[in-house]
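**Q** My questions all concern the structure below.
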């Protein structure tokens, strides 16, 4: 079986999450020893960060409960608690400027290349499960193949997508900001274009 992203290469692994056949270049080994594609590796990384934060919070809460039972509370302990809360509040205000804590959502305004590669991976998954057919439009990927919030759907308009009889499809930025972003993704991989060779 061939790699879905590089048809000229033999698949050496299967994504442990979406089962896509991958060559060694397209696969990333997770900490558990499983191989993942780019999109699934990103999802796995975000999930591990969230789990780690949750576990730390739970351990911290358990430790405080144990210490609370061991100690005999007095005026000094209450003073320490009140001071700690005030310090944490002050640091929170200094760090976040009184704003809400930032979420784990991707900021597509400042990380447009992440959106480009996320959509490319979704197109490849679509082709894998839809008998090597490609979507008519990018919105056909949501939500089955591309996990994108309703409020982020407008970012798809920043991408240019065309089905191509030879390459399968062409995906690029509709209006690249600089030469570094002026690339085209296809089923065969990344194609770099000089500025004089831009498509109209």
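We did not get these values from a lab; they are worked out from the coordinates using the rules stated. Note that the structure is predicted; figures quoted are calculated from it, not measured. FYI the Cβ positions are ideal-geometry reconstructions off the backbone, even for glycines, and counts take in every protein chain you see.
**Q** How far apart, in nm, are two points set 7 Å out from the Cα along the Cα-to-Cβ line at residue 132 and at residue 90?
**A** 6.7
**Q** Work out how much length residue 162 to residue 80 would gain on full extension: take 0.36 nm times their residue separation and subtract the Cα-Cα distance, in nm to one decimal.
**A** Working: separation 82, 0.36 × 82 = 29.52 nm, distance 6.29 nm.
Here the answer is 23.2 nm.
**Q** If only Cα atoms are counted, what is the Rg of region 130-174, and what is its Dmax, in Å?
**A** Looking at region 130-174, its Cα Rg and Dmax stand at 11.2, 34 Å.
**Q** Give me the Kirkwood hydrodynamic radius of region 112-194 in Å, from all C-alpha pairs, to one decimal place?
**A** Values: mean 1/r = 0.0772 Å⁻¹.
Computed over region 112-194, the radius equals 12.9 Å.
**Q** Listed highest first by mean packing, meaning other Cβ atoms within 10 Å per residue, what order do 150-162, 32-44 come in?
**A** Numbers: 150-162: 13.8, 32-44: 18.2.
Answer by packing, highest mean first, reads 32-44, 150-162.
**Q** Relative contact order of region 112-194, please, whole-number percent, based on alpha carbon pairs below 8 angstrom and at least 6 residues apart.
**A** Details: 100 pairs, mean separation 17.8, N = 83.
Averaging sequence separation for qualifying contacts and normalising by length gives 21 percent for region 112-194.
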